[in-house]
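I have placed the structure first, in the form of structure tokens, so that the comments after it can refer back to it.
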Amino acid sequence: MHNDLKLFIELAEFLISEEKNHPVAIPLDTNTLYDTIDLELKDEPTIDDAFKETLKDIIKSTPKTASKAFFNQLFGGRISKSTLGDLLAVMLNNSMYTYKVAGVQVGIEKIILQNICKRIGYGNHSDGTIAPGGSMCNYMAMLMARDAYDASIRNEGVSRKLIAYTSDTSHYSITKNASFVGIGRHQVRSVQTNAKGEMLVDDLERQIKDDFKKGHHPFFVNATAGTTVLGAFDDVEQISNICKTHQLWLHLDGAYCGSVIFSKQYKHLVKGIELTDSFSLNAHKMLGTPLGCSIIVTKDKKQLYESFSNDADYLYQTDDDAYNLGKTSLQCGRRNDALKLWTLWKSVGNNGLEKIVNHQFYLADVARTYIKANPDYTLYSFEDSISVCFNYKGISAKVLCTKLYEHSKLMVGYGTFREDTFVRMVTINTQLEEKDIISFFKTLEDFVDSEDL
Ligand SMILES: *Cc1c(COP(=O)(O)O)cnc(C)c1O
């Protein structure tokens, strides 16, 4: 192990220097991928230098998500205290299903869940778990809602038309999950949104009433804190009123921006969060932990147990159920995704998490201010969003993003809202500074000049 740890440090240092010197790796063509790098698995072992060189080739060619040129997705950067926690978790290699096997790591996960429940005002009966991704958090929410609506479905299956509601700007996992949950994709109603991409509450209520009239069974509403393209926040309070009236489960998908709960300045964006039945957030997005760290909490832990617990004598042999986390998880064996958030949180405190969140909004403000001051740009992004959407000199966003990538200048993606397609620059890497944001725009502008786009 000792030799491989030394090798690991050497490779990690190599990666860090690559990130500096080649912040966008030269993209590999899929047609030549297997000819360019020795990925083949052979009969004979690959050892020592050849092994190390192959690993270095792989590192060189892998897209650099922690570099200053990565604005492509809803994650990025590297916060070392959090990476440290994840490296430790790999070394410890516990499975989170039982207290016997995970020990103190269970306490670490529970402390995180309790803190989040308390922070959002969920009360003493709440609990949660860590799922393999935000999509799976939404899946768990819909399952709990289904079983809360009709507990017999777990054994008998779905026999009626159960209807779910989500906005037309929400994450695609909601529709996908409807098929997993057994209600079917066609039973997901797409609720209209306003010009900012926020759910139109009147349209929600109109559709719910319509479904009741038809004899269907409305059971679930998904609201979003930070829509995937524009970063819009649905009005939780208003939506919750409708859910109360019609007795529907309200889930708040905060995968992208649910972490605003850590900021005094921005938590107003999820005002009314205590009125929801479940809430999820991806710590690997705004909080900057390594992928993945997806947390779901629910106000009534009974729903978690009812939907996810199973007896298994071969597994649950000691300790209280509250400490055997397998009773409330989607999986059986489960990787320790808690420690990386805990090491970050412990090392920077609540105030540090707040700073991380606030800084991303600050960077987005820097970007929007730059765009507004320059008539060559068209802005599509709204205040209080860390998705900075824009077009430059009327150039096709798709062409611009693709060329920037092919020429190893920047990694940034594009998005579409209604009839507009635009560049979506995500200011989620909390290690960037004002000058890095300005440098993004300068790089883009110089590139457009030099390529004559
Ligand atoms: C990213 C995202 C998800 C999905 O999370 P994964 O961890 O990628 O599965 C769900 N909802 C929203 C709003 C997101 O931005």
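The values are calculated or read from the model by the stated rules, or taken from the named source; none is laboratory data. In this text, all values refer to a predicted model and were calculated from it rather than measured experimentally. Note that each Cβ is placed from the backbone with ideal geometry, even for glycine, and that neighbours are counted across all protein chains shown. Protein only, heavy atoms only, side chains kept; ligands, DNA and RNA dropped before computing areas. Shrake-Rupley method; radii C 1.70, N 1.55, O 1.52, S 1.80 Å.
Scanning the stretch 408-425 for residues that are within 22 Å of K68 (Cβ to Cβ) and open to solvent by 80 Å² or more (accessible area, probe 1.4 Å) returns K409, Y414. All conditions in (1) modelled with pLDDT of 95 or more; (2) open to solvent by 30 Å² or more (accessible area, probe 1.4 Å); (3) part of a loop (DSSP other than H, G, I, E, B) hold for L330, with the sole exception of (1).
Could you grab me the full set of residues in the stretch 199-235 that are of a type in the set (A, V, I, L, M, F, W, C) and within 16 Å of the ligand (Cβ to nearest atom)? Passing the criteria: M199, F220, V221, A223, A225, V229, L230, A232, F233. Scanning the stretch 46-56 finds no residues that are modelled with pLDDT under 95, under 22 Å from K403 (Cβ atoms) and surrounded by 11 or more Cβ atoms within 10 Å (Cβ to Cβ). Contact annotation: residue pairs with Cβ atoms under 6 Å, 6 or more positions apart or on different chains, pairing a residue in the stretch 365-376 that is within 17 Å of T430 (Cα to Cα) with a partner that is part of a helix (DSSP H, G or I) and open to solvent by less than 70 Å² (accessible area, probe 1.4 Å), are V366/I437; A367/I437.
The selection criterion, being open to solvent by 70 Å² or more (accessible area, probe 1.4 Å), over 30 Å from C257 (Cα atoms) and among the basic types (K, R), holds for K42. Among residues of the stretch 336-351 that are touching a residue at least 12 places away in the same chain (Cβ under 8 Å), those with a Cβ under 7 angstrom from a residue that is outside any helix (DSSP H, G or I) and open to solvent by 20 Å² or more (accessible area, probe 1.4 Å), sequence gap 6+ or separate chain, pair up as N336/N94; D337/G292; K340/P290; L344/I79.
Looking for whichever is acidic (D, E) and surrounded by 16 or more Cβ atoms within 10 Å (Cβ to Cβ) here; the options are E433, E354. Which one fits? The match here is E354.
Which residues, counting only those in the stretch 131-151, are open to solvent by 50 Å² or more (accessible area, probe 1.4 Å) and closer than 18 Å to G184 by Cβ? Listed by number, the list holds a single entry, Y149. For first residues located in the stretch 254-268 and farther than 16 Å from E383 by Cα and aliphatic (A, V, I, L, M), partners that are open to solvent by 20 Å² or more (accessible area, probe 1.4 Å) and more than 16 Å from the ligand (Cβ to nearest atom) and lie 6+ apart or on another chain with Cβ distances below 8 Å form the pairs I261/R119; I261/K267. Within the stretch 149-169, residues that are at pLDDT below 95 have Cβ atoms under 6 Å from residues that are assigned to a loop (DSSP other than H, G, I, E, B) and open to solvent by 50 Å² or more (accessible area, probe 1.4 Å) in no pair, counting only partners at least 6 apart in sequence or on another chain.
Within the stretch 358-380, if we keep just the residues that are open to solvent by less than 10 Å² (accessible area, probe 1.4 Å) and touching a Leu at 6+ places or on another chain (Cβ under 8 Å), the residue that is nearest to D446 (Cα to Cα) turns out to be I371. When the stretch 180-199 is filtered for residues that are of a type in the set (A, V, I, L, M, F, W, C) and free of Cβ contacts under 8 Å to residues at least 12 places away in the same chain, only A195 remains.
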